[in-house]
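To start, the structure under review is shown below, and the notes come after it.
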Amino acid sequence: MIWCVEDDSGIRDIEVYTLNSTGFEARGFSDGDAFFEALERELPELVILDIMLPGADGTEILRRLRGDSRTRHIPVIMATAKGTEYDKIQSLDSGADDYMVKPFGMMEMVSRVRAVLRRSAPAGTSKLLRAGNLVLSPEERTVTVSGERIALTFKEFELLRLFMESPGRVFTRDSLFSRVWGSDYIGETRTVDMHIRTLRQKLGEQGDMIKTVRNVGYRMEADL
């Protein structure tokens, strides 16, 4: 999940739309108060943070993130209309992972997000996940079966990654729903069942490794 903290609703909306359209999940926040309130419930993979915000500015928000052991690891890309060298240095010295000067192109933003996520990934997270003839690349966000690329939606990919990262583990429907859709998503857990069904269909015979645990949820076979 990518979070965009930007007080200009027009810019914020197009950032969120672009990220959602390019394979990410994104949410927008208009100020630091809403951002920190959401942090109490979940953590994003990366934050795009505007410097000029009402109340606490982006630099102060960044300092708070880096000063908290729970959030200090979250990658942050700073964005500002100011192009002075001082603002750039101040942001980087405060712990920003990258910097964009407005107006920036949306494809530049997506490219920088991908680059920062690659650089900040802990060792081993880019390791290929394998199960039978099924191979998943977390870094490239690709899935192949017997060498043939399989097109998955964002949610299907995240479900499969959870299963392949923890073979044999039973995930309840509520757990899958919370981890893939987010705790504040309004919907029903039967959404999980529908996505599991389409995921199995797309994986063909390899989809049989995703087992239904009656009255509980799902798991992937442990002896892969």
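The stretch 202-219 and the stretch 48-76 have Cα centres lying 40 Å from one another.
Here the stretch 194-224 is scanned for amide nitrogen atoms under 12 Å from the site 7 Å beyond the Cα of Thr153 along Cα-to-Cβ, giving 194-199.
With every protein chain kept in place and ligands, DNA and RNA left out, what is the accessible area per residue of the stretch 1-86? Probe 1.4 Å, answer in Å². Don't skip to the end; give the middle numbers.
Values: 3970 Å² over 86 residues.
Averaged over the residues of the stretch 1-86, the accessible area is 46 Å².
The 3J(HN,Hα) values that the Karplus relation (6.51, -1.76, 1.60; θ = phi - 60°) gives for the stretch 166-181 are, in residue order, 9, x, x, 6, 8, 9, 6, 4, 4, 5, 4, 4, 5, 6, 9, 9 Hz. Gly and Pro appear as x. Stokes-Einstein diffusion for the stretch 1-95 at 10 °C, viscosity 1.306 mPa s, with a Kirkwood radius from C-alpha pairs, works out to 119 µm²/s.
Between Ala81 and Ser69, the contour length at 0.36 nm per residue exceeds the alpha carbon distance by 1.4 nm. Each helix, a run of at least 4 DSSP H residues, gives -39500 (n - 2.57); summed and divided by the residues of the chain, these come to -12000 deg cm²/dmol at 222 nm.
Mind checking the dipole of the chain: about its Cα centre, +1 per Lys or Arg Cβ, -1 per Asp or Glu Cβ, Debye to the nearest 20? Working shown, then result.
Values: 31 positive and 36 negative charges, 201 e Å.
Roughly 960 debye, rounded to the nearest 20.
Cα-based values for the chain, radius of gyration first and Dmax second, are 19.2, 60 Å. Multiplying the residue separation of Val170 and Asn20 by 0.36 nm and removing their Cα-Cα distance gives an extension gain of 51.1 nm.
For the chain, the relative contact order is 13 percent, taking Cα pairs closer than 8 Å that sit 6 or more residues apart in sequence and dividing their mean separation by the residue count.
Spin-label model, Asp8 to Val101: label points 7 Å out along the Cα-to-beta-carbon direction sit 1.5 nm apart. With the biggest extent put first, the Cα atoms of the stretch 17-70 measure 31, 25, 16 Å across the principal axes.
Excluding residues fewer than 8 places away in the same chain, name every one of the aspartates and glutamates whose C-alpha is closer than 13 Å to that of Lys102. Reachable aspartates and glutamates: Glu6, Asp8, Glu15, Asp50, Asp87. Secondary structure note: in the chain, about 50% of the DSSP beta bridges are antiparallel.
The values are calculated or read from the model by the stated rules, or taken from the named source; none is laboratory data. All figures in this text were calculated on a predicted structure; none of them were measured in a lab. All Cβ positions, glycine included, derive from the backbone under ideal geometry; neighbour counts span all protein chains shown. Keep in mind that these areas ignore ligands, DNA and RNA; they rest on the heavy atoms of the full protein, side chains included. Shrake-Rupley method; radii C 1.70, N 1.55, O 1.52, S 1.80 Å.
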